[in-house]
Amino acid sequence: MRSHDRTEVGCCPKSPTAADRRRRAPRRPNERGVTIVEFSLVLPLLVILIFTIVDFGIYFFAQHTIQFATREGARLALVGRTVSDANGQPLSREASVVKKIQDCAAIVIPADRLQISVYPINADLTDPRDWQNTRDAGSPGAYMRVRTRYEYKFITPFLGALVREGKLAVTAQATYRNEFFN
């Protein structure tokens, strides 16, 4: 530290006074309004950034929800359980899997926007032909796959312009072997 920055005792730096600050940063008449102009230039970029972050947050939440719902539907299917409809009538295994997925995803996604397929897979674990929108929960001991798909539409027009039709596919799948249930 320089000697003129210390107080008389010589141990602590002197804090600047309001007069010192005014002397260091004089205002010029031609700089008035610069702050508001700079703010008006930065604000749109900041708003776009914030909405982009929120939009991606919603996308990743939808993706996580689809994965969770698909996993829960697969768990229900592999043990051979069924659920009941709103009237208490038991549903088929296939309808139970679909209902479970729709119920678990309902917090984010309307049920009619989900594409759900439940189907047995080939011995080499590949998909059979024409598996899309198939609903067959298979027999005990069979290898099965549950696949859920959802088209996420971006809210932010900037992001929507970056992807085809403003939509991005969210897909989740679970492969499992049915237990030997009755």
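The residues of the range 74-101 that are touching a strand residue (DSSP E or B) at 6+ places or on another chain (Cβ under 6 Å) and farther than 16 Å from Ala142 by Cβ, listed by number, are Thr82, Ser84, Pro90, Val98, Ile101.
Which one is modelled with the lowest pLDDT, of the residues in the range 69-85 that are closer than 27 Å to Val170 by Cβ and of a type in the set (Gly, Ala, Ser)? The selected residue is Ala77.
If you go through the range 59-105 and pick out every residue that is among the β-branched types (Val, Ile, Thr) and either assigned to a loop (DSSP other than H, G, I, E, B) or farther than 18 Å from Thr148 by Cα (or both), you end up with 3.
Test of understanding: among Ile101, Ile121, Ile53, which residue is of a type in the set (Val, Ile, Thr), surrounded by fewer than 20 Cβ atoms within 10 Å (Cβ to Cβ) and touching a residue at least 24 places away in the same chain (Cβ under 8 Å)?
Details: Ile101 fails: surrounded by fewer than 20 Cβ atoms within 10 Å (Cβ to Cβ); Ile53 fails: touching a residue at least 24 places away in the same chain (Cβ under 8 Å).
Going through Ile101, Ile121, Ile53 in turn, just one is of a type in the set (Val, Ile, Thr), surrounded by fewer than 20 Cβ atoms within 10 Å (Cβ to Cβ) and touching a residue at least 24 places away in the same chain (Cβ under 8 Å): Ile121.
With respect to Leu159, determine if the residue is at pLDDT 95 or above and farther than 18 Å from Arg75 by Cα. Against the criterion (at pLDDT 95 or above and farther than 18 Å from Arg75 by Cα), Leu159 does not qualify. Taking the conditions exactly as written (of a type in the set (Gly, Ala, Ser) and within 30 Å of Pro44 (Cα to Cα)), does Gly166 satisfy them or not? So Gly166 passes the test.
For residues that are under 20 Å from Ile101 (Cα atoms) and surrounded by 12 or more Cβ atoms within 10 Å (Cβ to Cβ), scanning just the range 124-138, find the one that is farthest from the chain's Cα centre (by Cα).
Going through the qualifying residues, I end up with Gly138.
The values are calculated or read from the model by the stated rules, or taken from the named source; none is laboratory data. Here the structure is a predicted model, which is why all the values come from computation and not from measurement. Because the Cβ atoms are built from the backbone with ideal geometry, glycine has one as well, and the counts that use them run over all protein chains shown.
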